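A.B. asks: My questions all concern the structure below.
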Amino acid sequence: MGKKIRIGTLISGGGTNLQAIIDSCADGKIDGQIIFTGSDVPGVKGLERAQKAGIDTFVVDYKEIIQRAKEAMSGSGEEKRGALRVSEYSNREVLTLPEDFNIEEVRAKQHLIEMDKGVEKVDLFLKSRAVAEKALLDQILPYEIDLLVLAGFMRTLTPYFIDRINTVPGRQRIMNIHPALLPAFPGTDGYADTFRYGCKVGGCTVHYIDYGEDTGAIIGQRAFQIEDGDTLEMVKQKGLALEWQLYPECIQKFALGMV
């Protein structure tokens with residue numbers, strides 16, 4: 001067994017992939033230790049799983065932060081340029097854009113929203129996310145992790161966040177699992193998209209996060225047959241069973257320096 005890597009995990013829900021990773025670390029199948037589990041949604045079951053395993057947990061409430069940021073940025077003058085202060089929030093923490101946030105740089109790198117949507121709409125998305133991502137980074141960075149694992153984290157990450165985790169050129173440190181055989185069916189509903197399209201083979205993919213949506217380098221994949229008579233729920237259960245095997249295997253490859 002080599003040196004254990006320090007793993008951070010992010011979730012948005014029940015945390016079944018998180019549990020598979022917790023168990024694999026405990027069983028020695030991953031040469032690593034989960035240092036924290038963060039969630040963008042308060043009160044989800046995945047946080048209970050982490051706490052039961054003695055893992056530090058935290059919540060950054062994306063929904064509230066993004067809503068407040070968007071409302072604040074709909075103002076004018078100094079509010080719109082970055083202070084994000086709105087009088088109705090005077091009794092709450094003032095939202096501010098990160099000091100190291102450069103909208104031109106982030107806009108040029110991102111491939112999450114097409115620019116034909118309009119610069120103002122793209123910038124509103126990127127700025128509101130940056131406020132939430134800064135709150136997330138404030139929790140994550142003190143832990144000094146080797147790998148950040150998205151275990152059902154249902155938020156896209158912008159270049160602002162990614163560049164502050166991937167600080168060494170050419171070394172990617174954010175891993176995700178997707179419920180389809182990428183590059184087919186990117187997005188949030190891979191199993192359903194696979195099923196609706198009439199595919200006879202489904203699967204899951206572990207990949208690195210880059211500046212697009214599910215476009216990062218593929219680390220590993222597993223496939224399963226979709227039989228006549230399978231329901232969408234049956235397809236999802238087949239996929240999840242493979243996810244719980246594949247994700248720990250790919251994390252171990254990272255721990256061994258193989259990816």
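A.B. asks: First select every other residue whose beta carbon is under 10 angstrom from the beta carbon of residue 180; then total the charges, Lys and Arg +1, Asp and Glu -1.
C.D. replies: Working: positive: none; negative: 189, 193, 214.
Neighbour charge sum, excluding residue 180 itself: -3.
A.B. asks: Which of the pairs 45/238; 70/134; 45/253; 70/127 have their Cα atoms more than 19 Å apart in this structure? Walk me through the numbers before you get to the answer.
C.D. replies: Values: 45/238 22 Å; 70/134 15 Å; 45/253 28 Å; 70/127 8 Å.
Result: 45/238; 45/253 exceed 19 Å.
A.B. asks: Quick one: which residues, 5 or more positions from residue 59 or on another chain, have an amide H under 5 Å from its amide H? H modelled 1.01 Å from N in the peptide plane, none for Pro or chain starts.
C.D. replies: HN-HN under 5 Å from residue 59: 39.
A.B. asks: In units of 2.2 N^0.38 Å, what is the alpha-carbon radius of gyration of the chain? Each step should come with its number before you reach the end.
C.D. replies: On the way: Rg = 19.2 Å, N = 259, 2.2 N^0.38 = 18.2 Å.
That works out to 1.05 for the chain.
A.B. asks: Can I ask one more? Once amide H atoms are built 1.01 Å from N in the peptide plane, which residues 5 or more positions from residue 203, or in another chain, come under 5 Å H to H?
C.D. replies: Distant-sequence amide H within range of residue 203: 181, 224.
A.B. asks: Amide H of residue 215 versus every other amide H placed in the peptide plane: which residues, excluding those fewer than 5 positions away on the same chain, fall under 5 Å?
C.D. replies: Amide H neighbours of residue 215, under 5 Å, 5+ apart: 210.
A.B. asks: Using Cα positions and a limit of under 14 Å, work out the aspartates and glutamates in reach of residue 109, with same-chain residues fewer than 8 apart set aside.
C.D. replies: Cross-link targets: 123, 163, 210, 213.
A.B. asks: Ranking request for peptides 238-251, 47-60: highest mean number of other beta-carbon atoms within 10 Å first, then the rest in descending order.
C.D. replies: Numbers: 238-251: 20.2, 47-60: 16.3.
Most protected by this proxy first, the peptides run 238-251, 47-60.
A.B. asks: Per DSSP helix of 4 or more residues, -39500 (n - 2.57); summed, then divided by the residues of the chain. What does that give at 222 nm, rounded to the nearest 500? If you can, show how the numbers build up before the last one.
C.D. replies: On the way: 8 runs with 99 residues, N = 259.
When only DSSP H runs of four or more count, the value is -12000 deg cm²/dmol.
A.B. asks: Note down the net charge around residue 232, summing +1 for each Lys or Arg and -1 for each Asp or Glu among other residues with Cβ under 12 Å from its Cβ.
C.D. replies: Values: positive: 196, 236, 238; negative: 189, 193, 230, 233.
Around residue 232, the surrounding residues sum to -1.
A.B. asks: Further question: Which order do peptides 197-206, 183-192 fall in by mean Cβ count within 10 Å, highest first? It would help to have the intermediate numbers written out before the result.
C.D. replies: On the way: 197-206: 18.9, 183-192: 16.3.
Descending packing order for the listed peptides: 197-206, 183-192.
A.B. asks: Counting only C-alpha contacts under 8 Å and six or more residues apart, can you give the relative contact order of the chain as a whole percent?
C.D. replies: Relative contact order comes out at 20 percent.
A.B. asks: Provide the net charge surrounding residue 62, with neighbours chosen by a C-beta distance below 13 Å and charges set as Lys +1, Arg +1, Asp -1, Glu -1. Don't jump to the answer; show the numbers that get you there.
C.D. replies: Working: positive: 63, 68, 70, 129, 134, 155; negative: 40, 61, 64, 133.
Cβ neighbours under 13 Å give a net charge of +2.
We did not get these values from a lab; they are worked out from the coordinates using the rules stated. Given the structure is predicted, the values throughout are model-derived calculations rather than measurements. Cβ: placed from backbone, ideal geometry, glycine included. Neighbour counts: every protein chain shown.
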